[in-house]
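Below is one structure, written out as structure tokens; the observations come after it.
The values are calculated or read from the model by the stated rules, or taken from the named source; none is laboratory data. Every value quoted in this text rests on a predicted model; they were computed, and no experiment measured them. Every residue, glycine among them, receives a Cβ derived from its backbone with ideal geometry; neighbour counts consider all protein chains shown.
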Amino acid sequence: MKLGTFITHVLAAAATLGVYAIPTQRRPVSETGGGLKVANLSNGLPEDVQTLRRRYESPEAVRPDWPDCPEFNKGSFDIKYPKLYPTSAAWDGNQCVLFIGSQAAPEVIVYDPYNGHVVRVVEIPDIAHNTDYYISSVHWDFYTGLWTFLATSRRAEESGNNHVIKYDVYKNAFIWKVNLKALTSKVGGCYGLETDFEGNTYVACTDGNTIIRILFDGQFPKTWWPEHIDPIDRAIRGLAAIPDSSRLLTHNGEGLIGALDMTMEFGQRLPDWLANTNMMIPDVQGITLPPKYKSHVCLLTSPTQGVQVVEAMGWLWQTEDYLNHRHAVQHTFTVIPPPPAIAAENGYPSDTVQVGSNSIFTLFEYKDGHKNGDESVWHFEDITQAIEQNLALLHGPNGFTGWNDPMIWPDADEIRLKTDLPEGWHLNRGT
């Protein structure tokens, strides 16, 4: 039994005995009233470090059924908000709302897709209304429910200002803010964000090809990988952590996926790059692991080609599985192009996000920050059906609920999929 599964069973038993109760009630974002509360940001420390640490160590941090928001079945949708120009988006699995970073202004929009309206605008102290900044990335920590924002200066190459901000949506308060300029002036082009099960924050920066780690309390930002900012074999272009795991996925900008071990100290070895079976796109920017597919499907976003749908065929994003004598590879099943109307508006795909428990969407940026069309309407394209029509995932009566455990021969030339499936199931075969 896996450690995470064992812990889940122990917690469930404890809850049954009345030791504690895992909270199940959700508080809508719109109900959190009051003005914006700001924690002690002057020295980068949260108001109560011990309280934050307890949030990571508490039983509530274990979320075996994430996410459990209602299904979202409305298909593609438009967000109406003046000059939003979305750069990145992430789903809050507790509040069941969408957080969207803005390229035009340094603010984060909180959107309720079920009811179709904006429920909050998050403004960051000392950055809000400063047009020199924009929000380049947003990330939800599924262990604690906290949010991380990345505010990047439009002149980051000159100033070095890249601010990482930790935000508590429940208290509508900021916990800490760290300027990466204090770390090194060689770091820039920071876009990817992730967190691990200890509350540490990881930032991927393309200028310098580095990953920076910040401790859970906002202290000691340091270049986590590589140990020294030197030329490396492949670039770092984005981050996606596997929940309840120590593996941190990245990609090299050319569609090749690798994994790092978040339990390792600074300057660890090179990523565990997977072999590729059939396709690599040379200008990949974004990487996501939609929770719907239990970390087996990775979406890579190319501004010129669209969304590349990649599966880990064999062991989960590891090149070797010595126990079963298998080699894992990454296999592309399809590439989803953007709608022609987006290109006509000067747009291109920039990222993907899961909304609700079942639907995947592409969001779009615009060349030179200019849209040919209505600057108050922003399109999110539903690509769920396009993803799933070719996947080699098990499809049961209640939807995608398992993985078929494909067998990979050591030479990775032949992919053999089991076909002895339970009644009522069928296998979507890849081409």
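Here is how the numbers come out for the structure above:
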quantity	calculated
Cross-chain or 6+ apart pairs with Cβ under 9 Å, the range 111-133 first and surrounded by 15 or more Cβ atoms within 10 Å (Cβ to Cβ), then of a type in the set (Asp, Glu)	Val118/Asp112; Val119/Asp112; Val122/Glu107; Ile124/Glu107; Ile127/Glu107; Ala128/Glu107
Pairs with Cβ under 9 Å, 6+ apart, first in the range 138-153 and in contact (Cβ under 8 Å) with a residue 12 or more places away in the chain and among the acidic types (Asp, Glu), second assigned to a loop (DSSP other than H, G, I, E, B) and surrounded by fewer than 23 Cβ atoms within 10 Å (Cβ to Cβ)	Asp141/Gly199
Pairs where the first residue, in the range 287-311, is without any contact (Cβ under 8 Å) to a residue 40 or more places away in the chain and closer than 15 Å to Thr334 by Cα and the second is in a helix (DSSP H, G or I) and acidic (Asp, Glu), C-beta under 8 Å, 6+ apart	none
Meets criteria (modelled with pLDDT under 90, more than 16 Å from Pro303 (Cβ to Cβ), surrounded by fewer than 21 Cβ atoms within 10 Å (Cβ to Cβ) and of a type outside the set (Val, Ile, Thr)) for Glu320	yes
Any chance Arg247 is at pLDDT below 75 and of a type in the set (Lys, Arg)	no
All strands (runs of 3 or more DSSP E) inside the range 325-431 with 2 or more residues being at pLDDT 80 or above and aromatic (Phe, Trp, Tyr)	359-366, 377-382
Total residues in the range 66-107, condition of a type in the set (A, V, I, L, M, F, W, C) and farther than 26 Å from Thr195 by Cβ	2
Candidate set: the range 163-179, residues that are farther than 14 Å from Ile214 by Cβ and surrounded by fewer than 21 Cβ atoms within 10 Å (Cβ to Cβ); chosen: the one nearest to the chain's Cα centre (by Cα)	Asp168
Among the candidates Lys186, Lys171, residue that is part of a loop (DSSP other than H, G, I, E, B) and modelled with pLDDT of 85 or more	Lys171
